[in-house]
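The next block holds one structure in the form of structure tokens; read it before the comments.
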Amino acid sequence: MLVSTVILYFYVRGLLQEEVEEELYSTEARIESVLKEKGPPYTLPPIVEIESVAAPGPEILKDTVLFDPSQDEMEDFRELTTYKNIQGKIYRITVRNLIVESEDILIAIVISYLIIIFLVFISLFYFNRAINKKIWDPFFKNLEQMKRFSLASEKEIQLLDSDILEFTELNKEIITLTEKVRSDYKNLKQFTEDVSHEMQTPLAIIQAKIENVINENTLNENQYEQFTSIQKDIKRLTQLNKRLTLLTKIDNRQFGNVEKVRITNLVKDSVQNFSEPFPVSIEYASHNEIIVSMDPYLAEILCSNLISNAIKHTKTREAIKIRAEGRTLTITNQGEEAIKHPDQLYSRFYRESSKTNSTGLGLAIVKKICDLYGYKISYDYKEGWHIFEIKFI
Amino acid sequence: MKILIAEDEIALQHSICTYLEKDGNVCETASDFEEATYKVSLYDYDVIVLDINLLTGSGLDVLKTIKNERKRAGVVIISANNSLTDKLEGLDLGADDYITKPFHLAELNSRIKAVLRRGKFGGDEMIIFNEIKIDTKSRTVYSNDTLIALTRKEYDLLLFFITNKGRVLSKEIIAEHLWGDDSDLLDNFDFIYVHINNLRKKLTKEGASYIKTAYGSGYKFIED
């Protein structure tokens, strides 16, 4: 660009100069013929000056800067001075012509270049944009599809076809990939379900056999204790199994049954159910009803898991306090110290105490249910109280 | 009572039979879908214990056969699947109860007895054990025609004891029967003592002391 500007500048300047010189020569020739015919010279400074001189001199062609009264400024001129002998008199004829200043040429070139570049840029910009839009449109639509792609949903990914080979290939690979991921995920899901399912029957057999052995009345007390201990472990396994299956099912969004559920009533029922066998008192205060739209079965699990968690971890005989206010359910129980790793509170199998009657899944399930419906659950520890708060929003 | 056990796991089938036969019930078994379908359409049973996942077919289809042929048998479904939809489907098709594996035989027994009691299968709403008479419809208990006032849990406890009379019942089994899954929250089952002692006292006051301790920490409802 720069080089072409420089070349163009010199070329245009050369051309103009040549033109000016030609004009100077022709003007000079005309003056000469006028002088021959009419005699007395006239001048028109600074363009034409004719003077009689004593001796002839050499012909001079040069650039000069003169004051131009008509323009009222200094101007560049090309000047041709010749000496002619006409009818015995020697005249010095000086012809000048305004030449375009180099600056002006340069500016003209640069401006026209700029205009051209600008126009080209603008038209290319719109042209490219139109083309790109057309070319990339399927790509962005497919990208949107991929963002929305969810493993849990049964739907296949739907991609737009494109004329562009690379995109078609990309689409093909994406479809293959998602199909593979989906089938792997499905297998894994099936596996989890199958495992917990298949475990139930052997457990049932062990359970039944133990019960029959106990009823044969041939055991001693020690053997009986051993057997009831085995039964407790079977119970633990069963609970573990049930909760893992539940977690998987929530993950797989198998609870699509949404109804209006009165959380406050559920809590009341849970409190009643728990108050009998447990030696803890539960204070329940509900300022208003909380009604939410969710799966009634999950709602029940949510309430009972939160309350049972409080019962399990309450350290003193102080009452467990449950309060429903606005859209918030708060459950507090006393504990000696804050949870050491609150960030892991909802992780599967995270336990702070080594109590064996905990599966370590209760709060993970609570969190899963909250996540499923977008409820906010928070944990806080204040002055010896563990506080769980759920905002039903 | 004549009971059919349709269960493909032979070991479980035997254990259930052993437990139920102690009460003088007659147990027949079916080990696969074909045998179960064949037996339910050919013979009459009082109760059919039906596994949903039979080796060669679904227990739910056997249930349909039972209902299509207008058999009067009560049906208790046993399933390894703890899903609510399965349960509802089974109950919708006309099953009388649904129990998930693994279960306590005492629990299964009490469910079977409850199904029989509901009357429509020729059972009796009254349970009589010596001088004790339980009216399951009004949930009242009499001893020699004297009303014994029991709490809800004490009543459930007595019913559980009587339906499993002669069997050893551990505190865990009793707790699970009375409080379901929540019972696993408990560190110890001492609170069971309270309920059992209260029931015992109320019965003993009327001269009916049938609740005995077995193996130190279990219980047994038995005649002297």
Cα-based equivalent ellipsoid of the stretch A:1-103: semi-axis lengths in Å, sorted from largest, via gyration tensor: 31, 15, 11
Cα-based Rg of the stretch B:75-167 normalised by 2.2 N^0.38 Å, two decimals: 1.22
Sequence-distant lysines (8 or more away, or on other chains) whose Cα lies within less than 26 Å of A:LYS36: A:LYS62, A:LYS84, A:LYS89
Over 20 Å (Cα to Cα) - which of A:LYS312/A:LYS367; A:LYS147/A:LYS391; B:LYS22/B:LYS220; A:LYS235/B:LYS137; B:LYS165/B:LYS202; B:LYS2/B:LYS113 fall in this group: A:LYS147/A:LYS391; A:LYS235/B:LYS137
Viscosity 1.306 mPa s, temperature 10 °C, Stokes-Einstein D of the stretch B:128-224 from Kirkwood C-alpha radius, µm²/s: 116
Efficiency of FRET from Cβ geometry, A:VAL34 and A:ILE111, R₀ 60 Å, rounded to 0.05: 0.90
Sites A:ARG327 and A:SER353, calculated FRET efficiency, Cβ-Cβ separation with R0 25 Å, nearest 0.05: 0.20
Proxy reagent accessibility, fewest Cβ within 10 Å first, across A:LYS367, A:LYS155, B:LYS205: A:LYS155, B:LYS205, A:LYS367
Among B:ASN130, B:ILE48, B:ALA6 - extreme Cα towards positive end, dipole of the stretch B:1-143, charges at beta-carbon: B:ASN130
For the stretch A:137-290: Kirkwood Rh in Å [reciprocal of mean 1/r, alpha carbons]: 21.4
Separation in nanometres of the label points that stand 7 Å from Cα toward Cβ, at A:ASN85 and A:GLU389: 11.9
Quarter of the Cα convex hull surface for chain B, i.e. its orientation-mean projected area (nm²): 12.6
Residue among A:GLY384, B:LEU157, B:ILE77 farthest towards the positive dipole end of the protein assembly as shown, charges placed on Cβ: B:LEU157
Pairwise Cα inverse-distance average, inverted: Kirkwood Rh of the stretch A:102-206 (Å): 19.1
Relative exposure of B:TYR219, A:TYR25, judged by other C-beta atoms within 10 Å (fewest first): A:TYR25, B:TYR219
Estimated 222 nm signal from helices in chain A, with DSSP H stretches of n ≥ 4 weighted -39500 (n - 2.57), rounded to 500: -19000 deg cm²/dmol
Relative contact order, percent, the stretch A:1-146 [alpha-carbon distance under 8 Å, six or more residues apart]: 23
In Å, descending, principal axis extents of the Cα set of the stretch A:206-265: 54, 28, 15
Calculated Rg and Dmax of the protein assembly as shown using C-alpha coordinates, Å: 50.4, 174
Global geometry of the stretch B:1-74, whether rounded, prolate or oblate, following the gyration tensor of its Cα atoms and the 1.5 cut on a/c: oblate
Residues of type aspartates and glutamates that A:LYS155 reaches as a straight line, Cα spacing below 13 Å, ignoring anything fewer than 8 places off in the same chain: A:GLU179
Estimated dipole of the protein assembly as shown in Debye, rounded to 20 [Cβ of Lys and Arg +1, of Asp and Glu -1, Cα centre]: 3120
For the stretch A:17-169, convex hull of alpha carbons as volume per residue, Å³: 200
Cut-off under 5 Å, modelled amide H: who pairs with B:LEU54 long-range: B:GLY59
Largest-first principal axis extents of the Cα set of the stretch A:271-371 (Å): 36, 31, 24
Debye intensity ratio I(q)/I(0), log10, the stretch A:312-393, q values 0.18, 0.21, 0.26 Å⁻¹ (C-alpha model): -0.82, -1.11, -1.46
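Computed from the coordinates by the stated procedures, all read-outs in this text should not be read as laboratory data. The shown structure was predicted, so the numbers you read here are calculated from the model rather than taken from an experiment. In this analysis, Cβ positions are derived from the backbone assuming ideal geometry, glycine residues included, and neighbour counts consider all displayed protein chains.
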